[in-house]
Amino acid sequence: MSTTATAAYVHVPFCRHRCGYCDFTLIAGRDDLVPAYLRGLERELRFHPHDPPTGRTDLKTLFFGGGTPTHPGPADLAKLLQLVRDRFELAENAEVSVEANPLDLTEEKLQVLIDHGVNRISLGVQSFHDDELRQLERDHTAVDLQRIIPVTQRFLPNLSVDLIFGIPGQTLAAWEQSLKQAIHSGATHISTYGLTFESGTAFETRRRRGQLQPTPEDLEREMYALVMEMLPAAGFEQYEISNFARPGFRCQHNEVYWRGDEYHAYGPGAARYLNRRRETNIRSVLGWLAKLDRGLTPVADVDELSPDTQARELIFLGLRRNSGIDRTDFQRRTGWNLEDFAGDIITRQVEFGSLVSDPKGLRLTQAGRFIADRVIAEFL
Amino acid sequence: MAILGFRRATGGAIGVFRARPGPETVNRRRLPARTLPPMFDTRNIRNFSIVAHIDHGKSTLADQLLLQSGAISEREFKEQLLDDLKVERERGITVKARAVAINYELDGQKYEINFIDTPGHVDFHYEVSRSLAACEGALLLVDAFQGVQAQTVANAYAAINADLEVIPVVNKVDLPVTRIPEVLEEIETVVGLDTTNVLKTSGKSGIGVKDCLRAIIERIPAPKGSVDSPLQALVFDSKYDTYRGVITYIRVMEGRVQKGQKIYFMKGGTAHEVLELGQFRPNMVSCDDLSAGQVGYIICGIKELGSVHVGDTVTDYLHRAPQALPGYEVPQQMVFCGMYPVDATDFEHLREELQKMSLNDASFSFAPDTSDALGFGFRCGFLGMLHMEIIQQRLEQEADVDLIQTAPNVTYQIVKTDGEILQVDNPQEVPDVGSIDEFREPIAKVHFILPSDKIGPIMQLSADRRGTYLTTEYLGPNRVQLVYELPLAEIVFDMYDKLKSITQGYGTMNYEVIGFRPADLVKMDILVKGEKVDALAVIVHRTQAERRGRAVCKKLKEEISRHQFEIPLQAALGARVIARETISAVRKDVTAKCYGGDISRKRKLLEKQKEGKKRMKQFGAVEIPQKAFLAVLSTSEDGD
């Protein structure tokens, strides 16, 4: 069954090394696998039976994530981008994003990006302090950033900066400085992520052994509060729990996820959502490739959403957005009236001061945003 | 005659280790039942129990007796064979009495030896005595290193009082370190048994087991009953089997019982036909009759739960015995708690499971109960804490019901101002202070046996627990017996654990309830977010209320997780708040990243979080986990 999905995600798993906090699908120090990856990608782009025939669908958003999509050399990078461009048409004004590690970016690579239609870059800055960058095991320094950000902007002015707060040892003052530098960098978009200790990461192991102290909850709350105070004051509108944009610069691709819309996906560990089915590929590059080489599906996990689950997921994702859940839209997409579906929970959470409910829809309050997971869990 | 009897038995299924009766039992039905000659000479029957302090090696020795007497083969020899309930295996405690028939030949004479197992823990004293009533003798097992302990004494006296021949046995003689001469002296002085012919055994290696078998035959008297008298059989246990209904354990005292016979339960007043009868060898093996002196089971197709009473007498429906056998004292339930299904729809299912439990365990009772906080459930009565834990664990393993158990309490008596006396086994039933004339609590006489250098700490513990000192008696240079009177409420919950920890495991205790006494008792309420939670109310001594209140609030703070809002916790006597704690609100709980690849995983994580909450009890807006209902047991502020 073909779909009308107009978004696609491509996962590029290569990295220089794995940072201690990262639990993404990636492979470090195996650049020799890039050709194999490209072969696999070429196969997968033509594998999925529900994908549209070539040239039929115009993509409105295309996102290259990782890993580090900019890690392969310029020639491989060009081939990667071209493979996808050969498969899909791009709509007029389509958003084409890539994630990038600062030290991987050269003028040559930046040129390759724009030559292949990339018009938005998301830079893994994480911090403007060397001690914090070392703690995070990033390979760049604050000085590197001062050099790389302006160069990048010359090629790709639509630049997003990723920052992390709650780094062990980070102070509120240091966090404030990083936020200021991000604001003044000229970025059009800022994402701020509270550090989490994901299972299987080196950070989590060190935390368990008592070698890393997570940031106290109250300080973490203050850091998050500071984000929501400073960025809007500087002209960045918050549109999701962790995302802030200057007017007109929201990440349209990510909004596809949060609206509960459909998207294609390719690459090891990538997840697609089509026909109310979320499929996740095998995470191992070689495993993913081996399946495709044998003409078999690279899908490892299928989550078939029942109408009920889909409705709950729409609430889960919708509440993470500042615009919240639109009652009319919810009813149109699920067939349920929001009040009939979850009226008692809504009433309770409104009483607790976590939700605003009005004729148009349902949104988290500022207070609710700090404990969004808890509020959302009530609906699941 | 004896040889004839044995032939019949071997012609049956003796030594065949299996669960179901074989076809040979059918062939035996050719002769009319009522004209069968007496089959087993009572002179060649011996019925015995083993009594011991817990962990003195009873089950291991029992297994050896079965192995070395040929009742089971090496291949069939399993660890802890007699402890066939899973819970008991886990705990290493024999809870339910079981009977095993063994055929054994000594000096050319063939004997039938019935071994009736007994539980070892203080909570099950009642079951010990009903097992002893089916025997003529008992082996008193004493650990070669640990020596005489509190339950050694209690169980030995129970056996002596039941007029049993008691044979002292020193077990675990092959331990690297033993104190055999001292242990023998303890047996002589504390228990008062002659140790001239003491047996020395090891259940582990099998040393001395043959000597035991010889002593059982030579020293324990044969049963006295006559095969020709009217049937009198003692019901000493019963068990519910899903397929066969009630399995009734009997010891035939007089006469005989046969397949097809119409029998009559003298106390129950009900008549039934014996559909099957047999012996445990050690699994059920059917036969055609059981005669005076023998031990076995009967199955009468009884399906109605609770219609077989342990302690009842079975007689022939037409030729009834002139009188019933002396039964047992009704067991005294001293510990009560509430058990509520987490999911209200499990109520009926829980009732059925409790009914099954109570059939297998006459000393357990239950009655429907309701709580504002927990809804519909049951108030359950137990002999003691271990008994309670075992029932709870069995319910969890066998019944597949999520349970909330409230903190246990003892039974109190309240004399109201109008003279009415209430038995209160639920704090919710305590009337208004104004209408209470006297509040009484049960008092127990407690015997401690402990190393003499621990007298100080145990006396201190007993004083803290409002104990009254009675006597000290030295059992040897290093061991002493202390006797106290203590409120039962102060000992049932954790006294045993405290004693074990203070004495590094060497102290033991035994207690019996001696009556009720007035005390300055009050009902302490617990308020969660300003609301009384009835299931958390507890009866405490006024002088301890504040300490307990602080401990309970502190423990609840640990057990109840943080919510979106602040939760005040208070302990109160009437309107007066005596302790408080506050559970602070969650400050930050939000997933930062949620992109295409994260959605399913994060959603499932949050779903799981929500699923965990379903197992909690919603009280107002506060979710209280199952464990929190036991928090009121906390007695000290360090969270013990």
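Determine which single condition residue A:152 fails, assuming it passes every other condition in (1) under 18 Å from residue A:10 (Cα atoms); (2) among the polar types (S, T, N, Q); (3) open to solvent by less than 30 Å² (accessible area, probe 1.4 Å).
The failed condition is (1).
Among the residues of segment B:361-373, is any open to solvent by less than 20 Å² (accessible area, probe 1.4 Å), farther than 27 Å from residue B:130 by Cα and not in a loop (DSSP other than H, G, I, E, B)?
Yes, segment B:361-373 contains at least one residue that is open to solvent by less than 20 Å² (accessible area, probe 1.4 Å), farther than 27 Å from residue B:130 by Cα and not in a loop (DSSP other than H, G, I, E, B).
Being under 20 Å from residue A:286 (Cα atoms) and surrounded by 22 or more Cβ atoms within 10 Å (Cβ to Cβ), is that true of even one residue in segment A:76-90?
Yes, there is a match, as at least one residue in segment A:76-90 is under 20 Å from residue A:286 (Cα atoms) and surrounded by 22 or more Cβ atoms within 10 Å (Cβ to Cβ).
Kindly indicate whether residue A:95 is crowded, with 21+ Cβ neighbours inside 10 Å, in contact with a helix residue (DSSP H, G or I) (Cβ under 9 Å, 6 or more places away or on another chain), part of a strand (DSSP E or B) and not β-branched (Val, Ile, Thr).
In short, yes.
If you go through segment B:601-631 one residue at a time, how many are more than 9 Å from every other protein chain (Cβ to nearest Cβ) and of a type in the set (S, T, N, Q)?
So the count comes out to 2.
Please specify each residue of segment A:184-203 satisfying the condition of being open to solvent by 20 Å² or more (accessible area, probe 1.4 Å) and part of a helix (DSSP H, G or I).
Within segment A:184-203, A:184, A:202 meet the criteria.
Can you name the strands (runs of 3 or more DSSP E) wholly within segment A:209-310 that have at least 3 residues being open to solvent by 30 Å² or more (accessible area, probe 1.4 Å)?
A:299-304
Under 6 Å between Cβ atoms, at least 6 apart or on separate chains: pull out the pairs that start in segment B:364-388 with a residue that is closer than 17 Å to residue B:402 by Cα and end on any residue that is open to solvent by less than 10 Å² (accessible area, probe 1.4 Å) and of a type in the set (S, T, N, Q).
Between residues of segment B:364-388 that are closer than 17 Å to residue B:402 by Cα and residues that are open to solvent by less than 10 Å² (accessible area, probe 1.4 Å) and of a type in the set (S, T, N, Q), the close pairs are B:379/B:426.
Suppose we filter segment A:283-313 for residues that are within 13 Å of another protein chain (Cβ to nearest Cβ) and in contact with a strand residue (DSSP E or B) (Cβ under 8 Å, 6 or more places away or on another chain); how many remain?
Summing the residues that are within 13 Å of another protein chain (Cβ to nearest Cβ) and in contact with a strand residue (DSSP E or B) (Cβ under 8 Å, 6 or more places away or on another chain) in segment A:283-313 gives 8.
Of all residues in segment B:218-237, which are surrounded by fewer than 21 Cβ atoms within 10 Å (Cβ to Cβ) and among the β-branched types (Val, Ile, Thr)?
B:227
So which residues in segment B:422-446 are closer than 16 Å to residue B:515 by Cα and not in a loop (DSSP other than H, G, I, E, B), if there are any at all?
Across segment B:422-446, the qualifying residues are B:422, B:423, B:424, B:438, B:439, B:440, B:441, B:442, B:443, B:444, B:445, B:446.
Please go through segment A:355-367 and pick out each residue that is within 14 Å of chain B (Cβ to nearest Cβ) and under 14 Å from residue A:317 (Cβ atoms).
Of everything in segment A:355-367, just one residue is within 14 Å of chain B (Cβ to nearest Cβ) and under 14 Å from residue A:317 (Cβ atoms), namely A:364.
Go through (1) buried (at least 16 other Cβ atoms within 10 Å of the Cβ); (2) within 14 Å of chain B (Cβ to nearest Cβ) one by one and return the number of the condition residue A:338 breaks.
Exception for residue A:338: condition (2).
Check B:517, B:562, B:550 and return the single one that is touching a residue at least 24 places away in the same chain (Cβ under 8 Å), more than 8 Å from every other protein chain (Cβ to nearest Cβ), in a loop (DSSP other than H, G, I, E, B) and farther than 30 Å from residue A:272 by Cα.
B:562
Would you check which residues across segment B:168-198 are surrounded by fewer than 22 Cβ atoms within 10 Å (Cβ to Cβ) and either in a strand (DSSP E or B) or of a type in the set (S, T, N, Q) (or both) and list them?
Scanning segment B:168-198 gives B:178, B:189, B:195, B:196, B:197.
Sort out which residues of segment A:97-133 are within 19 Å of residue A:174 (Cβ to Cβ) and among the polar types (S, T, N, Q), and write them in order of number.
Across segment A:97-133, the qualifying residues are A:126, A:127.
Could you tell me which numbered condition residue B:240 fails, if it satisfies all but one of (1) assigned to a helix (DSSP H, G or I); (2) open to solvent by 10 Å² or more (accessible area, probe 1.4 Å)?
The one condition residue B:240 does not meet is (1).
Filter segment B:565-580 down to residues that are without any contact (Cβ under 8 Å) to a residue 60 or more places away in the chain and open to solvent by 50 Å² or more (accessible area, probe 1.4 Å), then give me how many there are.
Number of matching residues: 5.
Could you tell me whether segment A:157-174 includes any residue that is within 23 Å of the chain's Cα centre (by Cα) and open to solvent by 40 Å² or more (accessible area, probe 1.4 Å)?
The answer is yes; a qualifying residue exists.
How many residues does segment B:479-495 hold that are in a strand (DSSP E or B) and within 30 Å of residue B:185 (Cα to Cα)?
Looking only at that region, the number is 8.
Suppose we keep only residues that are open to solvent by less than 10 Å² (accessible area, probe 1.4 Å) and not in a strand (DSSP E or B) within segment B:96-119. Which one would you say is modelled with the highest pLDDT?
Looking at the filtered set, the residue picked out is B:117.
Among the residues that make up segment B:263-283, is at least one of them closer than 26 Å to residue B:70 by Cα, open to solvent by 10 Å² or more (accessible area, probe 1.4 Å) and not in a strand (DSSP E or B)?
Checking segment B:263-283: at least one residue is closer than 26 Å to residue B:70 by Cα, open to solvent by 10 Å² or more (accessible area, probe 1.4 Å) and not in a strand (DSSP E or B).
Quick check: anything in segment B:582-600 surrounded by fewer than 20 Cβ atoms within 10 Å (Cβ to Cβ) and away from chain A (no Cβ under 14 Å)?
yes
Taking residue B:290 as meeting all but one of (1) touching a residue at least 60 places away in the same chain (Cβ under 8 Å); (2) in a strand (DSSP E or B), write down the number of the exception.
(1)
If you go through segment A:51-58 one residue at a time, do you hit one that is closer than 20 Å to residue A:298 by Cα and open to solvent by less than 10 Å² (accessible area, probe 1.4 Å)?
There is at least one residue in segment A:51-58 that is closer than 20 Å to residue A:298 by Cα and open to solvent by less than 10 Å² (accessible area, probe 1.4 Å).
If I ask for residues that are in contact with a helix residue (DSSP H, G or I) (Cβ under 8 Å, 6 or more places away or on another chain) and of a type in the set (Asp, Glu), which ones from segment A:327-370 would you list?
Residue satisfying the conditions is A:339 alone.
Check segment B:230-244 and report whether any residue there is over 21 Å from residue B:130 (Cα atoms) and in contact (Cβ under 8 Å) with a residue 60 or more places away in the chain.
yes
Within the set of pairs 6+ apart or on separate chains, which have a first residue in segment B:451-475 that is part of a helix (DSSP H, G or I), a second that is open to solvent by 60 Å² or more (accessible area, probe 1.4 Å) and modelled with pLDDT under 95, and C-beta atoms under 9 Å apart?
Here the result reads B:452/B:474; B:452/B:477; B:452/B:478; B:453/B:478; B:454/B:504; B:454/B:506, each pair linking segment B:451-475 to a residue that is open to solvent by 60 Å² or more (accessible area, probe 1.4 Å) and modelled with pLDDT under 95.
So if I check each of A:379, A:370, A:316, A:352, which one is open to solvent by 60 Å² or more (accessible area, probe 1.4 Å), of a type in the set (Phe, Trp, Tyr) and within 11 Å of another protein chain (Cβ to nearest Cβ)?
A:352
The values are calculated or read from the model by the stated rules, or taken from the named source; none is laboratory data. Quantities reported herein were computed from a predicted structural model and do not represent experimental measurements. Virtual Cβ from ideal backbone geometry, glycine too; neighbours counted across all protein chains shown. SASA here: full protein model, heavy atoms, side chains in, ligands and nucleic acids out. Shrake-Rupley method; radii C 1.70, N 1.55, O 1.52, S 1.80 Å.
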